[in-house]
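Asker: Below is one structure. I have some questions about it.
The values are calculated or read from the model by the stated rules, or taken from the named source; none is laboratory data. For clarity, every value in this text was computed on a predicted model and none was experimentally measured. Note that each Cβ is placed from the backbone with ideal geometry, even for glycine, and that neighbours are counted across all protein chains shown. Just so you know, the surface numbers come from the protein's heavy atoms only, side chains and all, with ligands and any DNA or RNA stripped out. Shrake-Rupley method; radii C 1.70, N 1.55, O 1.52, S 1.80 Å.
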Amino acid sequence: MGGFDFTVITANWEFLAKGLRYTVQVTLFAMVGGIFLGTLIAMMRLSSFKALSLFAAGYVNLFRSIPLVQVILAFYLIIPIALSIFTGQMKPIGADNSAYFTFTIFEAAYYGEIMRAGIQSIPKGQVGAGYALGLNYGQVMRYVVLPQAFRNMLPILLTQTIILFQDISLVYAIGATDFFGAADKINQRDLRPVEMYTTVAVVYFVICFSLSRVVKQLQKKIAIIR
Amino acid sequence: MNYHWNWTFFFDVTDDGERYYQWILSGLGWTVTVALFSLAIALLLGSALGVIRTTPKKWLVWIGDTYVELFRNIPLIVQLFLWFNVFPELLPKAAGDFMKQDLPDVIPAILGLGLYTAARIAEQVKSGILSLPRGQTNAGLAMGLTLPQVYQYVLLPMAYRIILPTLTSESMNIFKNSSVTYAVGVLELYFQYKQIIEKTNQVLEITIVVTAIYFILAFSVNRIMALIESRTRVPGYITGGAK
């Protein structure tokens, strides 16, 4: 096999960087979309309408009990079928595009549970106080509950985002070119597994380790405010 | 929608003479096998790591912390590829060739998943031990127990009970994560799912069935853990999350 050949990495850095950029893009998209959708699901789950809370509980339990790789493949194949109801024809949407949608929907279940804990961490009296001031439900949520819930849960939301960032590597299942996929494709051509997979592992480690340090610092900061 | 439903294809004969439902059952068997063996490794190693991270010995704490950071910050699929494609190259030639050619894929896959999950369990065991009042260690030591005895008879029995709810979700996770081992050649349930789609194109039926199986698996694990939780409960002690 010979020694560790850095030239394989330098020769392909552009392709790897493109993969990493895709990973970051999907992560950010799914984080924003997932937190938004997750907050709605948390509010539904805590609502007094039985139908809404049942739907939200079903959504969360379903996505939390099936493996992500299966969801990735299933959505990739089912979205075109579902779209064909409206357009009348089957058109593949592409692995790279379907991942944005899949991760948003999937992560919403996880972010939703975090936001539910956040909303429940706010004392009930504050909601009552809000109503007493004449605010309606939407206003109580928007001005009183959610800002605090969001701030309390920020470290956990970010920890979940680090997990999401790592989970993007599972788009391997549909052959999308994320960071890991890029390295894997280079390896299939150049047959340099040691260099390619080690590089991926090191880069992932450095990014995730640094981010988790940032989250730890943030946790300390928030702890002082409270 | 021009999708052709066909619920009876599960009883059709496959290329290798079996029937599709038999593929699903054999996949399920491997999923359970991989998950249970990995869980055993993860519990043993995770507990050991969790314990050494709470000892007064600095270098032990360092080993535990380093392990956890290393295995938590690299995606599972990348770790599995490291074990399969990089690790054999670092071994002496004979051992590396044995690993690549003769060793069944499922063994390094189980080890890989077990080592990955051990980091998460170590984190939980550590927080379980740290959540106990410091006085318990001191009381144990004052009674003449050695430090290992304090862990064995005083700290760990309570710590495990406290972390049972998080161990429950980790056990459910390991069943889900076992699906990633398809990428290194284990013929578990997700692999069969993918293969059946390629052969039959009946995406919706097989998705419904496999989703239901994973759902039932997760639910069963949840119930078994709840049973353990109620069996091991210490009367008069609230160990959070028990139903």
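Asker: Just to check your reading of the model, which residue among A:Ile114, A:Ile119, A:Ile72, A:Ile81 is part of a helix (DSSP H, G or I), among the β-branched types (Val, Ile, Thr) and touching a Gly at 6+ places or on another chain (Cβ under 8 Å)? Don't jump to the end; show me each part of the working.
Answerer: On the way: A:Ile119 fails: touching a Gly at 6+ places or on another chain (Cβ under 8 Å); A:Ile72 fails: touching a Gly at 6+ places or on another chain (Cβ under 8 Å); A:Ile81 fails: touching a Gly at 6+ places or on another chain (Cβ under 8 Å).
Going through A:Ile114, A:Ile119, A:Ile72, A:Ile81 in turn, just one is part of a helix (DSSP H, G or I), among the β-branched types (Val, Ile, Thr) and touching a Gly at 6+ places or on another chain (Cβ under 8 Å): A:Ile114.
Asker: Provide a single number: the residues in region A:155-170 that are more than 10 Å from every other protein chain (Cβ to nearest Cβ) and either touching a strand residue (DSSP E or B) at 6+ places or on another chain (Cβ under 8 Å) or open to solvent by less than 40 Å² (accessible area, probe 1.4 Å) (or both). Spell out how you get there, then give the answer.
Answerer: Narrowing region A:155-170 to residues more than 10 Å from every other protein chain (Cβ to nearest Cβ): A:155-161, A:164.
Restricting the remaining residues to those that are either touching a strand residue (DSSP E or B) at 6+ places or on another chain (Cβ under 8 Å) or open to solvent by less than 40 Å² (accessible area, probe 1.4 Å) (or both) gives A:155, A:157, A:160-161, A:164.
Number satisfying all stated conditions: 5.
Asker: Name the pairs: first residue in region B:50-73 and under 25 Å from B:Leu141 (Cα atoms), second residue hydrophobic (A, V, I, L, M, F, W, C) and exposed (fewer than 15 other Cβ atoms within 10 Å of the Cβ), Cβ to Cβ under 8 Å, at least 6 apart or on different chains?
Answerer: B:Ile52/B:Ile63; B:Thr54/B:Leu130; B:Thr55/B:Leu147
Asker: Could you look through region A:183-202, keep only residues that are out of contact with any helix residue (DSSP H, G or I) (no Cβ under 9 Å at 6 or more places or on another chain) and part of a helix (DSSP H, G or I), and pick out the one that is farthest from the other protein chains (Cβ to nearest Cβ)?
Answerer: If we take residues in region A:183-202 being out of contact with any helix residue (DSSP H, G or I) (no Cβ under 9 Å at 6 or more places or on another chain) and part of a helix (DSSP H, G or I), then A:Arg189 is farthest from the other protein chains (Cβ to nearest Cβ).
Asker: Could you identify the single residue in B:Gly64, B:Gly50, B:Gly46, B:Gly17 that is open to solvent by less than 60 Å² (accessible area, probe 1.4 Å) and over 30 Å from A:Leu211 (Cα atoms)?
Answerer: Values: B:Gly64 fails: over 30 Å from A:Leu211 (Cα atoms); B:Gly50 fails: over 30 Å from A:Leu211 (Cα atoms); B:Gly46 fails: over 30 Å from A:Leu211 (Cα atoms).
Matching residue, one of B:Gly64, B:Gly50, B:Gly46, B:Gly17: B:Gly17.
Asker: Does B:Thr200 fit the bill of being open to solvent by less than 20 Å² (accessible area, probe 1.4 Å) and within 14 Å of chain A (Cβ to nearest Cβ)? First the steps, then the outcome.
Answerer: Values: open to solvent by less than 20 Å² (accessible area, probe 1.4 Å): no; within 14 Å of chain A (Cβ to nearest Cβ): yes.
No.
Asker: Sticking with this structure for a sec: Among the candidates A:Phe205, A:Phe180, which residue alone is under 19 Å from the mean Cα position of the chain (by Cα), free of Cβ contacts under 8 Å to residues at least 60 places away in the same chain and assigned to a helix (DSSP H, G or I)?
Answerer: Working: A:Phe180 fails: free of Cβ contacts under 8 Å to residues at least 60 places away in the same chain.
Result: A:Phe205 is the single residue among A:Phe205, A:Phe180 that is under 19 Å from the mean Cα position of the chain (by Cα), free of Cβ contacts under 8 Å to residues at least 60 places away in the same chain and assigned to a helix (DSSP H, G or I).
Asker: Considering only region A:142-153, I want to know if a residue exists there that is of a type in the set (Ser, Thr, Tyr), more than 14 Å from every other protein chain (Cβ to nearest Cβ) and open to solvent by less than 10 Å² (accessible area, probe 1.4 Å). Break it down into steps so the answer makes sense when it comes.
Answerer: Looking only at region A:142-153, we keep the residues that are of a type in the set (Ser, Thr, Tyr), and these are A:143.
Subsequent filtering for residues that are more than 14 Å from every other protein chain (Cβ to nearest Cβ) retains A:143.
Subsequent filtering for residues that are open to solvent by less than 10 Å² (accessible area, probe 1.4 Å) retains none.
No.
Asker: Restricting attention to region A:67-79, report how many residues are open to solvent by less than 10 Å² (accessible area, probe 1.4 Å) and free of Cβ contacts under 8 Å to residues at least 60 places away in the same chain.
Answerer: Qualifying residue count, region A:67-79: 4.
Asker: Next question, about the same structure. Sort out for me the helices (runs of 4 or more DSSP H) sitting completely within region B:75-192 that have 3 or more residues that are within 14 Å of chain A (Cβ to nearest Cβ).
Answerer: Values: elements: B:76-81, B:87-90, B:93-101, B:106-130, B:134-142, B:156-177.
Counting at least 3 such residues, we get B:76-81, B:87-90, B:93-101, B:106-130, B:156-177.
Asker: Any chance region A:82-93 includes a residue that's of a type in the set (Ser, Thr, Tyr) and open to solvent by less than 40 Å² (accessible area, probe 1.4 Å)? Explain how you work it out, then say what you get.
Answerer: Restricting attention to region A:82-93, the residues satisfying the condition of being of a type in the set (Ser, Thr, Tyr) are A:84, A:87.
From what's left, open to solvent by less than 40 Å² (accessible area, probe 1.4 Å): A:84.
The answer is yes, given that some residue of region A:82-93 is of a type in the set (Ser, Thr, Tyr) and open to solvent by less than 40 Å² (accessible area, probe 1.4 Å).
Asker: Kindly establish whether B:Val61 is farther than 23 Å from B:Leu36 by Cα, more than 11 Å from chain A (Cβ to nearest Cβ) and part of a helix (DSSP H, G or I).
Answerer: Numbers: farther than 23 Å from B:Leu36 by Cα: yes; more than 11 Å from chain A (Cβ to nearest Cβ): yes; part of a helix (DSSP H, G or I): yes.
Yes, satisfied.
Asker: To continue, here is another question. Which numbered condition trips up A:Ser210, out of (1) modelled with pLDDT of 95 or more; (2) open to solvent by less than 50 Å² (accessible area, probe 1.4 Å)?
Answerer: (2)
Asker: Next question. Applying the selection to region B:214-229, what residues are within 11 Å of another protein chain (Cβ to nearest Cβ) and surrounded by 18 or more Cβ atoms within 10 Å (Cβ to Cβ)?
Answerer: Just the residues of region B:214-229 that are within 11 Å of another protein chain (Cβ to nearest Cβ), to begin with: B:214-222.
Residues satisfying the conditions are B:Tyr214, B:Leu217, B:Ala218, B:Val221.
Asker: Counting only residues that are more than 18 Å from B:Ala183 (Cβ to Cβ) and open to solvent by less than 10 Å² (accessible area, probe 1.4 Å), how many does region B:67-93 have? So that I can check it myself, show each step before the final result.
Answerer: First pass over region B:67-93, keeping only residues more than 18 Å from B:Ala183 (Cβ to Cβ): B:67-70, B:72-73, B:89-93.
Those left that are additionally open to solvent by less than 10 Å² (accessible area, probe 1.4 Å): B:68, B:73.
The qualifying residues number 2.
Asker: For region A:212-226, which positions are more than 9 Å from chain B (Cβ to nearest Cβ) and within 26 Å of the chain's Cα centre (by Cα)?
Answerer: A:Arg213, A:Val214, A:Val215, A:Lys216, A:Gln217, A:Leu218, A:Gln219, A:Lys220, A:Lys221, A:Ile222, A:Ala223
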